[in-house]
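Novice: My structure is below; once you've seen it, I'll send some questions.
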Amino acid sequence: MTMKEIIPPPPAVVRNDVAAVQALFAQNVVPSYGRFDIVLSHGAGSYVYDLGGKRYLDLGGGIAVSSLGHAHPAITEALVEQSRKLVHISNFYYHEPQGRLAQALVKLIGPGKCFFGNSGVEANEGLFKLARKFGHDEGRFEILTTVNSFHGRTLAGIAATGQEKVKKGFEPAVPGFRQVPYNDLGAMRAAISPATIAIMIEGIQGEGGVTPATPEYLLGLRQLCDESKLLLFMDAVQCGHFRSGRFQSFQRILEGVPDGGKFLPDGISMAKSLGGGFPIGAFWVRAPYADLLGAGTHGTTYGGSPLGCAVALKVLAVIEREGLADNARRIGDYLKAGLLELAQKYPGVIRQVRGLGLMLGIELTPDIHNLPGDASKIQAVRFTNLLHAAGLLAIPTGAHILRFLPPLNLRQSEAEEGLKLVESVVAKLSK
Ligand SMILES: Cc1ncc(COP(=O)(O)O)c(C=O)c1O
């Protein structure tokens, strides 16, 4: 008798029954997410399909995760090939995929080492611990972050995050985090105390509304950290991995800026696009600090598993082979230009367009008078519902902002289709 025969079949899920799936959630899933009224079934490339067979152009990319789109054969191949060899082995042992992935990331960033975890917040948490270890003997522990930042949902993650809504109800906050306004070097300088050990910023604030750092800010922070013996961390969980058109957003922001090419932070957190949908996170730490976390000081069971690393290596190989950094820049520029045109044409609906590469945001004009839907819901959610009805997925953030974080292999024709769908919604609202 085979294993398959002795395992009882799972209870039947009524396919094509949206209400049945939603009922499963209502009864069995912690309701911590505000979900849209869509039940997805499968995807292919830049498109996903719901249970009823409706097709959506996915410009949300699973919040900047699906870097190669859906059901990419290279990811399937990596999963199948590696799972035939070794899925998991624990970090008591060495294995090749983890070493090779660390080598590839170090090559892309600069001299240093990598640690692997499972998510973005865990990557940040590792950097927080690294900073505490670095400052421990001097009694320095405080990490400065920025207003409107987002660094994840663990207790330290929400303490680091510069948005009250994620902290509310979970007090007391983990001590040792303070926020100052973003892109304000003077405020950062003024905030440094004798207890400060590190600064963490996003190269492009994502959840905070798609706001890139200025070149002056990045270079100024580097100088400030050098002067005050602080570690400079970049949270690249959302804006990294070629989304900006370069591996790291700071590389794109500092293009053509004198001495910009010499800029390096001391630590970078990564996740999301790294695994193209397979959960894997990592941090890179610059060479002088790379051995601070010695044996026994940090770890996570699944971190850097053979399977996760094999997939991440494959994602990197496809990005390189298919020139997806350049694609992100080219299609991103095209999409941004198109969105800017829409903002000019319909100022009553779109107030601003921001972002770099395939990390773009539109800020809606507040109080769009004829926006349909439940008035108790924020504008961004009501607008997103209209995009869904038109067949487009995008990601709302804050009251008025929508993000486009599509696969890095988005085609020109798909970007054109996306712009047409956005315009179909915007044009109706501007009447
Ligand atoms: C900039 C940034 N940091 C950290 C995180 C947390 O990542 P995760 O949800 O994988 O823990 C996110 C998630 O959206 C993010 O955008």
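The values are calculated or read from the model by the stated rules, or taken from the named source; none is laboratory data. Quantities reported herein were computed from a predicted structural model and do not represent experimental measurements. Positions of Cβ are backbone-derived with ideal geometry, glycine not excepted, and every protein chain shown enters the neighbour counts. When the accessible area is computed, the model is the full protein with side chains, heavy atoms only, and any ligands, DNA or RNA have been set aside. Shrake-Rupley method; radii C 1.70, N 1.55, O 1.52, S 1.80 Å.
Novice: If you scan the stretch 54-88, which residues turn out to be part of a loop (DSSP other than H, G, I, E, B) and either among the polar types (S, T, N, Q) or open to solvent by 50 Å² or more (accessible area, probe 1.4 Å) (or both)?
Specialist: Lys54, Ser66, Ser67, Ala71, Leu86, Val87, His88
Novice: Keeping to the stretch 34-76, report how many residues are of a type in the set (Ser, Thr, Tyr) and within 16 Å of the ligand (Cβ to nearest atom).
Specialist: Selection size over the stretch 34-76: 2.
Novice: Okay, next question. If we scan the stretch 129-142, do we find a residue that is within 15 Å of the ligand (Cβ to nearest atom) and within 28 Å of Gly398 (Cβ to Cβ)?
Specialist: The answer is no; no qualifying residue exists.
Novice: Could you count how many residues in the stretch 248-273 are open to solvent by 10 Å² or more (accessible area, probe 1.4 Å) and touching a residue at least 60 places away in the same chain (Cβ under 8 Å)?
Specialist: So the answer is 4.
Novice: Now a separate question. Among the basic types (Lys, Arg), within 28 Å of Gly152 (Cβ to Cβ) and within 16 Å of the ligand (Cβ to nearest atom), is that true of Lys336?
Specialist: It is false that Lys336 is among the basic types (Lys, Arg), within 28 Å of Gly152 (Cβ to Cβ) and within 16 Å of the ligand (Cβ to nearest atom).
Novice: Another one. Can you pull out the residues in the stretch 245-300 that are closer than 19 Å to Leu127 by Cβ, among the β-branched types (Val, Ile, Thr) and outside any loop (DSSP other than H, G, I, E, B)?
Specialist: Ile268, Val285
Novice: Another one. Out of the residues in the stretch 107-117 meeting the condition of being in a strand (DSSP E or B) and away from the ligand (no atom under 16 Å from the Cβ), tell me which one is nearest to Ala64 (Cα to Cα).
Specialist: Among those residues, the one meeting the criterion is Cys114.
Novice: Looking only at the stretch 397-423, which residues are of a type in the set (S, T, N, Q), open to solvent by 30 Å² or more (accessible area, probe 1.4 Å) and touching a strand residue (DSSP E or B) at 6+ places or on another chain (Cβ under 9 Å)?
Specialist: Residue satisfying the conditions is Asn409 alone.
Novice: Sticking with this one: Just name the residue that is farthest from the ligand (Cβ to nearest atom) out of those in the stretch 274-298 that are on the phi > 0 side of the Ramachandran plot and surrounded by 13 or more Cβ atoms within 10 Å (Cβ to Cβ).
Specialist: Gly276
Novice: Working carefully through the options Ala160, Ala123, find the one that is closer than 16 Å to Leu274 by Cβ and within 18 Å of the chain's Cα centre (by Cα).
Specialist: Ala123
Novice: Can you give me the number of residues within the stretch 89-117 that are of a type in the set (A, V, I, L, M) and open to solvent by 40 Å² or more (accessible area, probe 1.4 Å)?
Specialist: Matching residues across the stretch 89-117 total 2.
Novice: Which residues, taken from the stretch 118-172, are in a helix (DSSP H, G or I), open to solvent by 40 Å² or more (accessible area, probe 1.4 Å), in contact (Cβ under 8 Å) with a residue 12 or more places away in the chain and not charged (D, E, K, R)?
Specialist: Phe134, Leu155
Novice: OK, next. If you go through the stretch 380-396 one residue at a time, how many are of a type in the set (S, T, N, Q) and open to solvent by 20 Å² or more (accessible area, probe 1.4 Å)?
Specialist: Of the residues in the stretch 380-396, 1 are of a type in the set (S, T, N, Q) and open to solvent by 20 Å² or more (accessible area, probe 1.4 Å).
Novice: If we keep just the residues of the stretch 173-217 that are among the charged types (D, E, K, R) and within 16 Å of the ligand (Cβ to nearest atom), which is surrounded by the fewest Cβ atoms within 10 Å (Cβ to Cβ)?
Specialist: Glu207
Novice: Yes or no: Asp259 modelled with pLDDT under 95 and either out of contact with any Leu (no Cβ under 8 Å at 6 or more places or on another chain) or more than 16 Å from the ligand (Cβ to nearest atom) (or both)?
Specialist: Considered against the rule, which asks whether it is modelled with pLDDT under 95 and either out of contact with any Leu (no Cβ under 8 Å at 6 or more places or on another chain) or more than 16 Å from the ligand (Cβ to nearest atom) (or both), Asp259 comes out as yes.
Novice: While we're on this one: If the Cβ limit is 6 Å and pairs must be 6+ apart or interchain, which residue in the stretch 54-68 that is touching a residue at least 60 places away in the same chain (Cβ under 8 Å) pairs with which residue that is part of a helix (DSSP H, G or I) and open to solvent by 10 Å² or more (accessible area, probe 1.4 Å)?
Specialist: Taking only residues 6 or more apart or on different chains, the pairs are Leu57/Glu417; Ala64/Lys272; Val65/Lys272.
Novice: Right, next: Just the residues that are touching a Phe, Trp or Tyr at 6+ places or on another chain (Cβ under 9 Å) and farther than 27 Å from Leu410 by Cβ, please, taken from the stretch 69-89.
Specialist: His88
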